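What follows is calculated from the coordinates using simple rules that are stated; it is not laboratory data. Here the structure is a predicted model, which means the values were calculated and not measured. We place every Cβ from the backbone using ideal geometry, glycine too, and count neighbours over all the protein chains shown.
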Amino acid sequence: MARRRLLLMLKPFDVYQFGQSNGGSSITNSQAFRYLDNRRKVHKDAVNFCQDILRKKSNIDWEPILRTNLSQPIRNFDLVVTVGGDGTLLQASHFLDDSIPVLGVNSDPTQVKEVEKFSNEFDATRSTGYLCAATVQSFEQVLDEILAGQKVPSNLSRISLSVNSQLLSTYALNDILIADPCPATVSRFSFRIQRGGESCGPLVNCRSSGLRVSTAAGSTAAMLSAGGFAMPVLSEDLQYMVREPISPGAAIRLMHGIIKPDQSMKASWFSKKGVIYIDGSHVFHSIQHGDTIEISSKAPSLKVFLPHD
């Protein structure tokens, strides 16, 4: 069997931080501290366990990297394994094209009994791992199946963005949010759906707190929380929703809809400042009055081993 090159991308250990709350009781603070300390330990043990598994594999050349140290496109690897949660996989996706598959290992899954135990004290939810096909317990088995060609990755759609006809280098796996840097500020913008450069829908003028567009994979996150609907994860459609539209009138039916694979959305920004947030708050692109943004699913797909694959 040919040797494989594997990149092991790790969530840092210092993300589980706890700050004292002036209003919280000492008992609650103590419980929360122990909870976060346990999360750190569970994640660290998971990282060590995965590395021990890889050391035993004579057919793998591998190297670890913290996700915070990744700054260049990932090249010359046969597989990327992320150890953390969906956030770590999302960050890896920003450095991947459609040639290298990624396997997510959920290092710290949510424990239902723990959530119930502390429900009156604090939120004890851990990692959902919606896109993670393995846990520590199943990692070696899943990895062996991948290396043996018994598991095939799925192709997940991503969002392509152009600002003033200039393509942005980062593709969104989950969603994008276009809004003012201040969340309390009303933004003015318009958009229309087009196909082949020609309009196939009316111009929609908006005053709102912003515009969100999600992929199928991201439709179960912020989009669903805002009143959108979950889409089949392999769908190539995008879903859009205007956030908190002000007095939309009859246009309310146009504030939420679908962008088909052969369509794009062209938006014009009419506020002084704006920001395009890509998969959360860490990756963003600033825009200004008069800028045009084109949004579509024409980005290279991401090859991901999903839990059901």
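For the range 37-58 and the range 161-215, what is the separation of their C-alpha centers, rounded to whole Å?
Cα centroid of the range 37-58 versus Cα centroid of the range 161-215: 41 Å apart.
Starting from 0.36 nm per residue, how many nanometres of slack lie between LEU66 and SER199 once their C-alpha separation is accounted for?
This chain segment gains 43.4 nm when fully extended.
Work through the residues other than ILE246 whose Cβ is under 15 Å from its Cβ and net out their charges, Lys, Arg +1 and Asp, Glu -1.
That sum, taken over residues with Cβ under 15 Å, equals +1.
Of all trypsin sites (Lys or Arg not before Pro) in the range 268-309, which ones are in loop regions per DSSP and have a Cβ with at most 12 other Cβ atoms within 10 Å?
LYS272
I'd like to compare 135-141, 238-244: which one has the highest average count of other Cβ atoms within 10 Å, and what's the full order after that?
So the peptides 135-141, 238-244, ranked by packing, come out 238-244, 135-141.
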